[in-house]
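Q: Structure incoming, see below.
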Amino acid sequence: MANKIIQAVKSIRLEDQRRFIAEIAPYYSADRWQQRDIIEKQMLPLKPFIGKGYVLELGAGSGVVLDILNEWCERAVGVEIVAEMIREALAHDLQNIVRADGCCLPFPDCTFSTILIWGNTLGPIPGEENRLNMLKEAARVLQPDGNLLLSVIHRNSSLMRRFFLGEYTFHYRNREKSWQSENYGYNRSYSLRELTSVLKEAGFNDVEMLSARKNASLIVRAEL
């Protein structure tokens, strides 16, 4: 993703963020599907933790990660709230995607052996309470011996140190830089300490850092 960071902010409205995601959907989808092989390589360290059970991806977007999960595990489902993103996933023949709010999941307790919140899905949700509710819902539908695999923008990465920002807004540009969004998007970065704290508040007791890439990503595994 080619992002132009504009300014530090406390938050924006949830409906504004969803409007932004709907606007960028076709351009974001094209970028992500072009990078599918790269994304799969980035996900390889997660493969031992995914296993053969029922896997949920929260914030499935245009379906690239869900497509990879379909090859890796016996059964997977993706959840996405923005209709325009689901339309992009369906265009790539992904039928196992459900339109639902990650803060109110349509699944019984203890349904999934693994849950992925991947590709910086958590950070773009405006509001600490909304992010916490999403993690609480993940804890509710995760089996007691299951894994949550989560990636966020790393607060201590070179990208964040450059801009000295924890929360920020930005315009989205496609990889060819031939199109830029009119609306602003929102994101929130996390340090390992901050992420561990919010995960424990959501009900996870065992948090392990799997990777902290210098350019941006912090990747953790959490258990109940």
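Only the coordinates and a few stated rules stand behind these numbers; no lab work does. Every value quoted in this text rests on a predicted model; they were computed, and no experiment measured them. As a convention, Cβ positions derive from the backbone with ideal geometry for all residues, glycine included, and neighbour counts pool all protein chains shown.
Q: Beyond 19 Å, what share of the Cα-Cα pairs of the stretch 19-136 remains, rounded to the nearest whole percent?
A: Result for the distance tail: 44 percent.
Q: Apply the Karplus curve 6.51 cos²θ - 1.76 cosθ + 1.60, θ = phi - 60°, to the phi angles in the stretch 33-48 and return the couplings in whole Hz, x for Gly and Pro.
A: 5, 5, 9, 3, 5, 5, 4, 4, 5, 5, 8, 3, x, 7, 4, x
Q: Name the long-range amide H neighbours of Leu210: under 5 Å, sequence gap of 5 or more, or other chain; modelled H, no Pro or chain starts.
A: Residues meeting the amide H criterion: Ile219, Val220, Arg221.
Q: Within 10 Å of each residue's Cβ, count the other Cβ atoms and sort Val207, Val79 from fewest upward.
A: Going from sparsest to densest Cβ surroundings: Val207, Val79.
Q: At a threshold of 8 angstrom on Cα-Cα distance, excluding pairs fewer than six apart, so keeping six or more, what relative contact order does the chain reach in percent?
A: Once divided by the residue count of the chain, the mean separation gives 24 percent.
Q: Mind giving me the nanometre distance, one decimal, between the label points for Glu15 and Gln143, set 7 Å out from Cα along Cα→Cβ?
A: With each label point 7 Å from Cα toward Cβ, the separation is 4.1 nm.
Q: I've got another one for you. So for each of 84-95, 19-30 I average, over its residues, the number of other beta carbons within 10 Å; can you give me the resulting order with the highest mean first?
A: Descending mean neighbour count gives 19-30, 84-95.
Q: If you don't mind, another one. Report the label-to-label distance for Leu90 and Trp33 in nanometres (one decimal), using points 7 Å from each Cα along the Cα→Cβ vector.
A: Calculated label separation equals 1.5 nm.
Q: When each pair of different Cα atoms in the chain is counted once in the 1/r mean, what is the Kirkwood radius in angstroms, to one decimal?
A: Kirkwood radius, the chain: 17.5 Å.
Q: Can you work out the FRET efficiency for the pair Arg193 and Ala83, with r the C-beta to C-beta distance and R0 = 45 Å, to the nearest 0.05?
A: 0.80
Q: Using the Karplus curve 6.51 cos²θ - 1.76 cosθ + 1.60 with θ = phi - 60°, work out ³J(HN,Hα) for each residue of the stretch 197-211 in order, rounded to whole Hz, and write x for Gly and Pro.
A: Values per residue, Gly and Pro as x: 5, 6, 5, 5, 5, 7, x, 8, 10, 10, 10, 10, 7, 9, 7 Hz.
Q: So what's the net charge close to Ile81: Lys and Arg +1, Asp and Glu -1, counting the other residues with Cβ under 10 Å from its Cβ?
A: Counting the neighbours of Ile81, the net charge comes to 0.
Q: If you don't mind, there's one more thing I want to ask. So what J values fall out for the stretch 179-193 if you push phi through Karplus, 6.51 cos²θ - 1.76 cosθ + 1.60 with θ = phi - 60°, rounded to Hz, Gly and Pro as x?
A: Karplus-based 3J(HN,Hα) across the stretch 179-193 equals 8, 9, 5, 7, 8, 8, x, 10, 8, 10, 9, 9, 7, 4, 5 Hz.
Q: How big is the dipole moment of the chain about its Cα centre under a simple scheme where the beta carbon of each Lys and Arg is +1, that of each Asp and Glu is -1, and everything else is neutral? Debye, nearest 20, please.
A: About 820 debye.
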